Each structure stands twice: as C-alpha cells, then as structure tokens.
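The values are calculated or read from the model by the stated rules, or taken from the named source; none is laboratory data. All of these numbers come straight from a predicted model, not from anything done at the bench. Cβ atoms come from the backbone with ideal geometry, glycine included; neighbour counts cover every protein chain shown. These accessible areas exclude ligands, DNA and RNA; they are computed on the full protein's heavy atoms, side chains included. Shrake-Rupley method; radii C 1.70, N 1.55, O 1.52, S 1.80 Å.
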Amino acid sequence: MPVMRSVFYVPGNNEKMIAKAPEFPADIITLDLEDSVPPAEKPRAREMTRENLKLVGSGGSTVYSRINNWETLMTNDDLEAIVHPGLAGVCLAKCGGPDHVQRLDWKLEELERRRNLPVGSIAIQLLIETAKGVINAYPSAIASKRVNSLIFGAVDYTKDMRVKLTSEGEEQRYARRHTAVAARAAGCIAIDCPFVAFKDVEAFEKSTREGRQMGYEGRMLIHPTQIEPSHKIYTPAPEDVEWANGVVKVFEEEGIAKGMAAVTYLGKMVDTPVYDNARTILATVKEISAFDAKRKKG
C-alpha cells in the first residue's frame, strides 16, 4: 500500500505555495481544485496544476489533485486538464456513492488510453464528507480497483449534519469511526480529517493519536507544521518494532516450527492474530523506510 501518513493540501491557484511545495516533506501533496479555489479561479487552478505536477513531486512527495464532485458539473473539466504524467491520483470531493466512483473510473481510463498513460495508473482517493457519503463509504470504496484510500472530511460533514465543528470531535465520532472501518473492510487506507485549529499542537497530537487507535494511518493536513508530528504518530514507534520483531521470532521458532498454535512472549500469549499483527507492523516500517529512502535519494 502507498505511504500516506501526511496528505498536505495546496491550493491549485496559489503560485507561492506551489513553488514551495517541493520543500514540504509530506508523503502526499494534493493540488486542490475544489474548496480552496474560488469559482472564478478554477480555470487558472487547472492550468497551474497541469503545469506543475512534476515540479510538486520533485521533492519526493506523491502528487494527487482534489477534483470537484460530479454534481458541480466541473469534474470533467478538472480531469481533462490534469490527467497527465506526474499525477499519481485524484481525490473525489464529497463522494456520495458508488456510481460517482464508477463514473470517475470510466473517465480516467478514457483519458489514460487517449494520452498513452498506463491504464489503471491514476489512483482514486475518496473524500467522505456528507451523511450520504458516510452511509455509502464501503460500497463506494469497492466500486473501483483504483480506490486506495478514504479520507473523512469533518468540516463538510458537520455542515451537512447541521452541527458545530469542535476540536473535541464528539459530533464526528460515529462518522469518523465508520469511515475507518469501511476503509479497512475494503482494503484501503483510512486517512483522518483535517484539524483546523492548527496552532494548537497539543490538541492536534491528541486528536491524531485517537484517530490512530480508530484505525487511521494518515491525516489530511492544512498547515506545514502538522507534517512532522503526523509522521511521528503514524510511524510505528521503536518499542513497537522491537516487540514485533520479538513476537515474530518467538512464534516462528517456538510455535510454527514445533507445531504449536500459541506461545508465550514477555509474559503474554502470542497466537496467530498477534503474530499477524506483528508482521503488519514490520511491513509498515519497511514500506515507510523505503519511501523515505527514495525521497532522500531523489
């Protein structure tokens, strides 16, 4: 799976931020064509996004673009403008259901074939940010093999639910958990909602750790200062890696090799689910290490 600890948004019409984008150490940099771009600026944002896909990715980040949803009648224009070499994926804003995803899949394939890009090379990320979107999160996630991740969007979700957005997030709890479960059920990465009080570092870290325990493996970010703490929280801690290595060693040598289904490690029982969890931790560390090494080399 792709590494998505940090998904940092840059307005597609902001020349200064686009120029600085290669300096941001985010795993994903998303050039936005949706909410951060005023209607009159959409054509310019599309042009700037197309022109800067390779520049934005030159620092080692994977480049995505958030596109307007089909109901705006702007999606087709967005895609025609930005599906070019350098784009790794698109994030569909306000995804309401599987039909939205299937239509996007079809359009992406049409553009890939027309522009001699490998079919299936452009991934789909879904922004789940309405009541309808939350209810349909799992059917949407499995509507196309291109879908690799789901983002929970708390700002628009609370607007749709007609409730106040708070840093504590009690009003988001059901939808936040549901989206994470839907992503995992579909074999996708769950990406947590943006934390708008970006100056409150302590609250951001607390919220991110809570999300990590819900199953989120990355976070949508709105400020560069959020990138480093996000990476720290979503990268397995050294003590967890040490535990995982110990579990794998003991289970393979004392369990599997001797035909036993459970063994003891550090005073606790280790069976197959614990062993599999340990292997997942080690695989995650390997993926992150490879991604970070590639970034430094590039």
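On the given criteria, is L150 under 16 Å from D78 (Cβ atoms) and open to solvent by less than 10 Å² (accessible area, probe 1.4 Å)? Taking the combined requirement at face value, the residue does not satisfy it.
Out of curiosity, is E168 free of Cβ contacts under 8 Å to residues at least 12 places away in the same chain, outside any helix (DSSP H, G or I) and open to solvent by 60 Å² or more (accessible area, probe 1.4 Å)? So E168 fits the description; yes.
Scanning region 94-145 for residues that are within 16 Å of the chain's Cα centre (by Cα), under 16 Å from N76 (Cα atoms) and among the aliphatic types (A, V, I, L, M) returns I122, I124. Of the candidates F204, F198, the single residue that is open to solvent by less than 20 Å² (accessible area, probe 1.4 Å) and either more than 27 Å from P139 (Cβ to Cβ) or outside any helix (DSSP H, G or I) (or both) is F204.
If you take the residues of region 33-46 that are among the charged types (D, E, K, R) and open to solvent by less than 20 Å² (accessible area, probe 1.4 Å), which of them is farthest from H223 (Cα to Cα)? Looking at the filtered set, the residue picked out is K42. If you scan region 10-33, which residues turn out to be among the charged types (D, E, K, R), within 16 Å of E47 (Cβ to Cβ) and outside any strand (DSSP E or B)? Result: E15, single match. Scanning region 211-255 for residues that are of a type in the set (D, E, K, R) and outside any helix (DSSP H, G or I) gives E217, R219.
Go through the residues of region 247-264 one by one and say whether even a single one is open to solvent by less than 60 Å² (accessible area, probe 1.4 Å) and among the hydroxyl-bearing types (S, T, Y). Within region 247-264, not a single residue is open to solvent by less than 60 Å² (accessible area, probe 1.4 Å) and among the hydroxyl-bearing types (S, T, Y).
Per-residue answers, yes or no, for (1) at pLDDT 95 or above; (2) part of a helix (DSSP H, G or I); (3) surrounded by fewer than 16 Cβ atoms within 10 Å (Cβ to Cβ); (4) β-branched (V, I, T):
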position: P85; (1), (2), (3), (4): yes, no, yes, no
position: V90; (1), (2), (3), (4): yes, no, no, yes
position: H100; (1), (2), (3), (4): yes, yes, no, no
position: E112; (1), (2), (3), (4): yes, yes, no, no
position: G120; (1), (2), (3), (4): yes, no, yes, no
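Note on region 47-83: among residues that are surrounded by 16 or more Cβ atoms within 10 Å (Cβ to Cβ) and part of a loop (DSSP other than H, G, I, E, B), the one that is nearest to the chain's Cα centre (by Cα) is S61. Residue check: I288 meets all listed conditions (1) open to solvent by 30 Å² or more (accessible area, probe 1.4 Å); (2) more than 25 Å from M17 (Cβ to Cβ) but one, namely (1).
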